[in-house]
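First the structure, in the form of structure tokens, and then the observations on it.
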Amino acid sequence: RKEVEQDPGPFNVPEGATVAFNCTYSNSASQSFFWYRQDCRKEPKLLMSVYSSGNEDGRFTAQLNRASQYISLLIRDSKLSDSATYLCVVTTSGSARQLTFGSGTQLTVLP
Amino acid sequence: DTEVTQTPKHLVMGMTNKKSLKCEQHMGHRAMYWYKQKAKKPPELMFVYSYEKLSINESVPSRFSPECPNSSLLNLHLHALQPEDSALYLCASSQTGTGIEKLFFGSGTQLSVL
């Protein structure tokens, strides 16, 4: 089993739709969680950290479920500009080696 | 706009060439990273410098040689690369390198080895 797993997609959704991605992790000692967004041939950019209580930033909502060991990202009212690959990152304290990327979920928002 | 600056943005080199990738950050971060990313794959960790000392080398071939001249600069020296080394090379920084921090990435160098 991979340490961090994501559905690779692609997710093709119409503009204005709501879309959700999940990311599961295997290490119950994982401490910090992030969602990054990466456009084609560009660098990953931090979208949001994921907090235990859940957090929202505009149209984006991130949640953490420690019992089931997954994090989620919900995008409401999708825009064409949301088209990208979304990478989840799960980290465990102690070493940068413990920072693990998921393989990414590709989203295309269609006009 | 990224606060981690990488140069060059694109690089084409032959297998006998020597070249260097450069990275600079002015956020006061004490950890700097090199990642390699192939198309449709997540970034793979290569090296980590923490407080200007090499703390992680993920069994990277010696044809890749990192250097950290000071806390703001990170170089990756390339020599005798293979075509399979063609990839996007990403520099990143974080506050201390403990593993639980967010990473800030540079815009990357798209490397092609002919």
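The values are calculated or read from the model by the stated rules, or taken from the named source; none is laboratory data. In this text the structure is predicted, and so the values were computed from the model without any measurement. Methodologically, a virtual Cβ is constructed for each residue, glycine included, from the backbone with ideal geometry; neighbour enumeration extends over all protein chains shown.
For region A:82-111, the tally of residues that are part of a loop (DSSP other than H, G, I, E, B), more than 8 Å from every other protein chain (Cβ to nearest Cβ) and more than 15 Å from the chain's Cα centre (by Cα) stands at 1. Of all the listed residues (B:E24, B:E67), the sole one being at pLDDT 95 or above, more than 12 Å from chain A (Cβ to nearest Cβ) and over 18 Å from B:F104 (Cα atoms) is B:E67.
Within region A:66-81, is there a residue that is within 30 Å of B:T109 (Cβ to Cβ) and within 14 Å of another protein chain (Cβ to nearest Cβ)? For region A:66-81, residues within 30 Å of B:T109 (Cβ to Cβ) and within 14 Å of another protein chain (Cβ to nearest Cβ): absent.
Consider A:S72 carefully, then state whether it is in contact (Cβ under 8 Å) with a residue 40 or more places away in the chain, assigned to a strand (DSSP E or B) and within 20 Å of A:T91 (Cβ to Cβ). Answer is yes for this residue. Can you name the number of the only condition in (1) under 28 Å from B:L54 (Cβ atoms); (2) part of a loop (DSSP other than H, G, I, E, B); (3) facing chain B (nearest Cβ under 9 Å) that A:N27 fails? Status for A:N27: all satisfied but (3).
Scanning region B:20-37 for residues that are under 8 Å from the mean Cα position of the chain (by Cα) and over 20 Å from B:L88 (Cβ atoms) returns no hits. If the condition is being within 12 Å of chain B (Cβ to nearest Cβ), more than 19 Å from A:S93 (Cα to Cα) and crowded, with 19+ Cβ neighbours inside 10 Å, then region A:4-22 contributes only A:Q6. Only one entry in B:A39, B:A80, B:A31 is under 18 Å from A:V89 (Cβ atoms) and among the hydrophobic types (A, V, I, L, M, F, W, C), namely B:A31. All told, B:L76 meets the bar of being crowded, with 22+ Cβ neighbours inside 10 Å and either away from chain A (no Cβ under 13 Å) or touching a His at 6+ places or on another chain (Cβ under 7 Å) (or both). Do the conditions hold for B:Y49, that is, is it more than 17 Å from B:L111 (Cβ to Cβ) and aromatic (F, W, Y)? Considered against the rule, which asks whether it is more than 17 Å from B:L111 (Cβ to Cβ) and aromatic (F, W, Y), B:Y49 comes out as yes.
Among the residues of region A:65-79 satisfying the criterion of being surrounded by fewer than 20 Cβ atoms within 10 Å (Cβ to Cβ) and either hydrophobic (A, V, I, L, M, F, W, C) or in contact with a Leu (Cβ under 9 Å, 6 or more places away or on another chain) (or both), which is farthest from B:Q6 (Cα to Cα)? In this case the residue turns out to be A:A67.
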